[in-house]
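The values are calculated or read from the model by the stated rules, or taken from the named source; none is laboratory data. Remember, it's a predicted structure, so these values are computed and weren't measured experimentally. Reconstructed Cβ throughout: ideal geometry from the backbone, glycine too, with neighbour counts over all protein chains shown.
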Amino acid sequence: MRISFERTGGFGNVPLRAEIDTEQLPPDRKQELERLIEQARPFDQPRQSATATPDDYQYEVKIEDSSGAKTIRTTDSAAKDELKLLFDGLGEEALRKLRS
């Protein structure tokens with residue numbers, strides 16, 4: 001599974017971006033991201049949600065797997081809790097990539 005993650009906005013408006021290939025991750029991190037994706041059900045979300053409020057994070061996530069690809073655009077305030085957990089996991093992975 002390939003994931004393109006981008007988070008912009010927030011108080012400091014410091015963007016965070018990463019291209020993640022789950023096949024290149026250690027098994028525990030791969031399983032965790034796949035579990036978060038399954039729970040968040042991003043393919044069942046609308047492609048774009050409500051307009052951002054000031055200092056809100058904006059997310060753009062593209063997930064490609066054997067069933068196809070979908071891009072999701074949403075904000076922190078509009079996202080369901082399960083989707084926020086996925087964004088947190090993807091953000092952690094993006095930070096790991098920056099540090100390596």
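Observations
- The number of residues in segment 75-90 that are under 20 Å from P54 (Cβ atoms), in a helix (DSSP H, G or I) and either touching a residue at least 24 places away in the same chain (Cβ under 8 Å) or acidic (D, E) (or both) comes to 1.
- Verdict on F11 being aromatic (F, W, Y), exposed (fewer than 14 other Cβ atoms within 10 Å of the Cβ) and without any contact (Cβ under 8 Å) to a residue 40 or more places away in the chain: no
- Search result, residues across segment 40-54 that are surrounded by 12 or more Cβ atoms within 10 Å (Cβ to Cβ) and either at pLDDT below 80 or in contact with a strand residue (DSSP E or B) (Cβ under 8 Å, 6 or more places away or on another chain) (or both): P42, F43, Q45, Q48, S49, A50, A52
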